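Data block below; observations after.
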Amino acid sequence: MGDAFCSDCKKHTEVVFDHSAGDTVCSECGLVLESHSIDETSEWRTFANESGDNDPVRVGGPTNPLLTDGGLSTVIAKPNGASGEFLSSSLGRWQNRGSNPDRGLIMAFKTIATMSERDLNWDPPAFGLVLMLWQGLGLVATIKDRANEIYKKVEDQKSSRGRNQDALLAACLYIACRQEDKPRTVKEICSVANGATKKEIGRAKEYIVKHLGLEAGQSVEMGTIHAGDFMRRFCSNLGMSNHTVKAATEAVKTSEQFDIRRSPISIAAAVIYIITQLSDDKKPLRDISLATGVAEGTIRNSYKDLYPHVSKIIPAWYANKEDLKNLCSP
């Protein structure tokens, strides 16, 4: 009920709004004062496929500038519960007859999104350590978008035919993580890459960097990896306390001042090993190897290289000289 001026009654009267017809009607004389009104309030009906889904969203996804039509084309999907013959015997078949130049890109973008959200497929340890084994990569949307852009550039060159598609997509994800300063190890990427091996991903990465560099006329910026980029995630995987995480972060930052010719990941693993050996909650080498993806032998060799500088690397507030003497000699 509301109040409005009625031209027949020549006065302000109460009006009734008919939601089904969109009409505003005078309650005294029945004159339609306004017709076909637009209801601008929220509509809480659900248009989802699943009957139990209460999501009231009525629109599709946002536009995608990487696609020819901006991602606004209509795709007729098989409804839930339909038989396998649905698309071959109905309107879906006719739509699929039309050539869609973005079909391959759409499938590739979906695969990249799936890789980003997939759980890491590592074998759980027999010793019961609770690790990051069933956590996803934890990638933000900007990394997925960057990976899509990289794949789009590769696809535009029409030179990727015959190559392992899963390895290419995984390599795009790896490069995107590097460029966004959120690096992931090749082993982490490999664990979600639909069976692509580390060697295949490495080859795909070199191929992408080479061809995109030739197209741009300059080398592709990959970003610099530092051991500290992995430290907090590795420490979290091991369930380390805030106290030890702070010490490990400071130690790995100090280690960059020395000429230690090891990969950043190996240095991070070795620093974690040293820090945990100086704490009450010591971590076995096997646990650290599993959490970081670095082989036990590599951690030992990195520890051997770090040992001469340990008195300068480990923060003084965390361990004194007597504690450092208790470290095992490499």
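Here are the numbers for the structure shown:
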| quantity | calculated |
| --- | --- |
| Solvent-accessible area, 1.4 Å probe, carbon plus sulfur percent, for the stretch 276-330 | 47 |
| Of Ser263, Gly239, Tyr273, farthest towards positive along the dipole that unit charges on Lys, Arg, Asp, Glu beta carbons give the stretch 230-276 | Gly239 |
| Set of lysines with alpha-carbon distance to Lys210 below 17 Å, sequence-local pairs under 8 removed | Lys152, Lys153, Lys158, Lys199 |
| Per residue, in Å², the accessible surface of the stretch 147-250 once ligands and nucleic acids are set aside, probe 1.4 Å | 49 |
| Ranking by accessible area, most exposed first, for Phe17, Phe258 with a 1.4 Å probe | Phe17, Phe258 |
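The values are calculated or read from the model by the stated rules, or taken from the named source; none is laboratory data. All values derive from a computational prediction rather than experimental measurement. In this analysis, Cβ positions are derived from the backbone assuming ideal geometry, glycine residues included, and neighbour counts consider all displayed protein chains. Please note that ligands, DNA and RNA were not included when accessible areas were found on the heavy atoms of the full protein model with its side chains. Shrake-Rupley method; radii C 1.70, N 1.55, O 1.52, S 1.80 Å.
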